[in-house]
Amino acid sequence: MTATTLRTTPPTEDPHSAPAPAARVAFVPAGPRRRRLDGAWWPRSRDLRAELPSLVAALDERFGRIGHLTVNNSLWPEVPRRVAVNGRTMHLGWFGAEQDPNEICVLSTRAGRWDLLVVPPETGAREAERLMASASAPDNALTARALLATVRGGGAADDRRPGEVVWETEGGATAVPA
């Protein structure tokens, strides 16, 4: 015996599911761009496939068509090379120590490069609001790591990458692996 099933929606869409909530983003006001961060994004989870559609919609609206995103792969359980987003395929890049773990780099054909603080999803609402306001302030000169440390009360973090710290504290020679 065979059964035939007719689908009125693609198998990946649930007709009863609510639309994805809007992205929680904040951007620096338009003006001269001489700062470390251009705003902030507060995802609801660490699932890039679930989070990127609403983020890209907000970015497309603000900056024009987004062509590429990069993240540090240490904070995301999975970083796929490509993700279907809003009817097109987004290309994702990922880096280890070269990119701040709490930043996402956005590349737009119209607006160029934008770096956003990624507020960890588990952050409480009050702390997230402070982080987003600080990251989107026109006079902010802190990196994502330093901003997180400052807002969380830990004082300013060292903005240099690990290799730079070794270079400057070991007399200019990189550390020899043990």
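Side notes on the structure shown:
- Hey, Arg24 modelled with pLDDT of 65 or more, closer than 22 Å to Thr143 by Cβ and either of a type in the set (S, T, N, Q) or touching a Lys or Arg at 6+ places or on another chain (Cβ under 8 Å) (or both) or not: yes
- Matching residues, region 59-73, being farther than 15 Å from Leu117 by Cα and surrounded by 14 or more Cβ atoms within 10 Å (Cβ to Cβ): Asp60, Arg62, Phe63, Ile66, His68
- Of everything listed in (1) free of Cβ contacts under 8 Å to residues at least 12 places away in the same chain; (2) over 19 Å from Arg49 (Cβ atoms); (3) of a type in the set (Ser, Thr, Tyr), the single unmet condition for Thr143 is (1).
The values are calculated or read from the model by the stated rules, or taken from the named source; none is laboratory data. The structure presented is a predicted model; accordingly, all values stated were derived computationally and were not measured. Positions of Cβ are backbone-derived with ideal geometry, glycine not excepted, and every protein chain shown enters the neighbour counts.
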